[in-house]
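Heads up, the thing below is written out as structure tokens.
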Protein chains: 2
Amino acid sequence: MTTADLAAHVSERDRRAIARAISTVENDSPETGALLRALAPLTGHAYRIGITGPPGAGKSTLTSELTKLLRAHDKRVGIIAVDPTSPFTGGALLGDRIRMQEIAMDEGVYVRSMATRGSLGGLSAKAKDAADVLDAAGFDFVIFETVGVGQSELDIAKAADTTIVVLVPESGDAVQAMKSGLMEIADFFVVNKSDREGADQAVRALKTILSFRVTHAEQEWIPPVVKTTASKNIGIEDVLREIEKHRNYLESTGQLISRRKSRERERVRELVEAMLRFDFWTPARAEMLETELDRIVAHERTSFDLAHELVGKLKT
Amino acid sequence: MTTADLAAHVSERDRRAIARAISTVENDSPETGALLRALAPLTGHAYRIGITGPPGAGKSTLTSELTKLLRAHDKRVGIIAVDPTSPFTGGALLGDRIRMQEIAMDEGVYVRSMATRGSLGGLSAKAKDAADVLDAAGFDFVIFETVGVGQSELDIAKAADTTIVVLVPESGDAVQAMKSGLMEIADFFVVNKSDREGADQAVRALKTILSFRVTHAEQEWIPPVVKTTASKNIGIEDVLREIEKHRNYLESTGQLISRRKSRERERVRELVEAMLRFDFWTPARAEMLETELDRIVAHERTSFDLAHELVGKLKT
């Protein structure tokens, strides 16, 4: 099949073509460039939602319930799970698995899990490519479910139009969220499992922490905090309402375009710098660095010289 | 003066030579490489301490008092202040200024402030170069005072042998510390201004947060928390004791060398990648990126193609 054929099948919502297209970008196949080029004119329709948070916060349950609600509104939903603790990718409990399978059976839903192994261009760029495939296949929403740990996972969540950070009421969770940089990327927060004790305190604590945020003059959006109990389907309507509010905010202020532009700028820079680094750090150069480090620590030569020598600019 | 002469004068602790040498590295002068090369054999003696934390935590007061204590032990101290709120670099109150001037008059102390303007190789690499100059000038301790905001400031603090994070008892300070990544880099914490209310609670809160830290099997060092009131010279002996404890720990476990090695590895990589980026992002390429972003957002072309075209690898 030519890439043009594959792209055509993707646009016709052929599930096997979608699977094959995502595998193509995921594996850095030689046809990746041609495929993305063929898909580009078909993209731009899907609204991208990032759902992230610490392990055990109930991200997949929330993803499932939100997907069901979107399906009830007749929206088609693609899910990209980059989360080693997600039932989509293997982890988790039986109840979660059943919930997932329920939605995965639906023709209007497509679920894809991606491994977190590193590669040229990074996981984050690949997840964006996969989202483009789903976008081209006409899905109305693409949900990235990623665990909120590690830079590339955060980069994926950040690449969404609306990023949701899911926490649980237990103390320490908000603390972890701040440590790991989740606070900065949240367009809104969900305190899930809020039938547990301490949910109201957790919401208050979060709001207090949010009041510490450095707010820019032009930044009018203050991240709201929503309580849910996803496993009992409580609060999901509120989540969807906040997504729509945030979407309206982005669209009415023109920030949706500027956000997508800066996402693409990052993607180009990420790809370029990954290529530069990949081309630069040949085994010979990496070995030279390690060998010379001993001499540097022994004060026999300088980092400055070594860097210039490696780049081929050593002036003597 | 030749760079060899300059290096010789630095090693003789000539203050004007030290000033000139630091300016040389700070301004990316053409002699930088030769100078660092001449200084390298003279370095390795100084123990490097990073003092960082949010604005207003009393970092400069602590730096001054610690310096006085080190002087009482007959140690020579170089200070590199990279902190826009520091009295060394211009900000702060009269009392602080007087305290600073007091120590700056001492022949056994050298104070240098560095601007936070960006440049090739980054502020962090330059601050490390300046520390090498002071090291070559025979200072026993080099203290980096940096405000704990922003990546390059954190990079400087991280480059020390022992990194101290200074906080105040007020609630929210620990929260900010976590948000900004200060938790990860602290070898120990100082709760300063602890004559204020809430100091004991702040210490307890910090210890609770520290208990959340992911501890690696091989990581035996648990960051202690020290209370001080630097403005009244209370607790400074405890700070010095913890520095010595941490130093002994690093030396006895061989981690001092591995830490310095990874600091130099980072420095080489930082310099190399800055040079690659600098060489790559010519005005023409940057302009091309911005122009083409509009087409990418309009789905007329792909980020993947643009990145490959920029790197000169476009296959059609």
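Taking segment A:169-203 only, how many residues are within 13 Å of another protein chain (Cβ to nearest Cβ) and modelled with pLDDT of 80 or more?
Count: 2.
Answer yes or no as to whether B:Thr67 is assigned to a helix (DSSP H, G or I), out of contact with any helix residue (DSSP H, G or I) (no Cβ under 6 Å at 6 or more places or on another chain) and of a type in the set (S, T, N, Q).
no
Testing A:Arg16 on (1) assigned to a helix (DSSP H, G or I); (2) within 14 Å of chain B (Cβ to nearest Cβ); (3) basic (Lys, Arg), one condition comes back false. Which one is that?
(2)
What's the number of the condition A:Gly312 fails, among (1) within 14 Å of another protein chain (Cβ to nearest Cβ); (2) surrounded by 17 or more Cβ atoms within 10 Å (Cβ to Cβ); (3) small (Gly, Ala, Ser)?
Checking A:Gly312 against (1) within 14 Å of another protein chain (Cβ to nearest Cβ); (2) surrounded by 17 or more Cβ atoms within 10 Å (Cβ to Cβ); (3) small (Gly, Ala, Ser), the one that fails is (2).
Could you run through segment B:38-50 and say how many residues are touching a residue at least 12 places away in the same chain (Cβ under 8 Å) and either at the interface with chain A (Cβ under 9 Å from one of its Cβ atoms) or of a type in the set (Asp, Glu) (or both)?
Total meeting the criteria: 5.
Taking the criterion of being part of a helix (DSSP H, G or I), within 7 Å of chain A (Cβ to nearest Cβ) and buried (at least 18 other Cβ atoms within 10 Å of the Cβ), would at least one residue in segment B:281-290 satisfy it?
Checking segment B:281-290: at least one residue is part of a helix (DSSP H, G or I), within 7 Å of chain A (Cβ to nearest Cβ) and buried (at least 18 other Cβ atoms within 10 Å of the Cβ).
Among the residues of segment A:208-215, is any modelled with pLDDT of 80 or more and either in contact with a helix residue (DSSP H, G or I) (Cβ under 8 Å, 6 or more places away or on another chain) or within 14 Å of chain B (Cβ to nearest Cβ) (or both)?
no
How many of the residues in segment B:80-132 are crowded, with 22+ Cβ neighbours inside 10 Å and at pLDDT below 50?
Here the count works out to 1.
Here are some conditions: (1) farther than 27 Å from A:Ser303 by Cα; (2) acidic (Asp, Glu); (3) facing chain A (nearest Cβ under 9 Å). B:Glu270 meets all but one. Which one does it not meet?
The number of the failed condition is (1).
Among the candidates B:Lys227, B:Lys245, B:Lys232, single out the residue that is at pLDDT 90 or above, in contact with a strand residue (DSSP E or B) (Cβ under 6 Å, 6 or more places away or on another chain) and of a type in the set (Lys, Arg).
B:Lys227
The values are calculated or read from the model by the stated rules, or taken from the named source; none is laboratory data. All figures in this text were calculated on a predicted structure; none of them were measured in a lab. All Cβ positions, glycine included, derive from the backbone under ideal geometry; neighbour counts span all protein chains shown.
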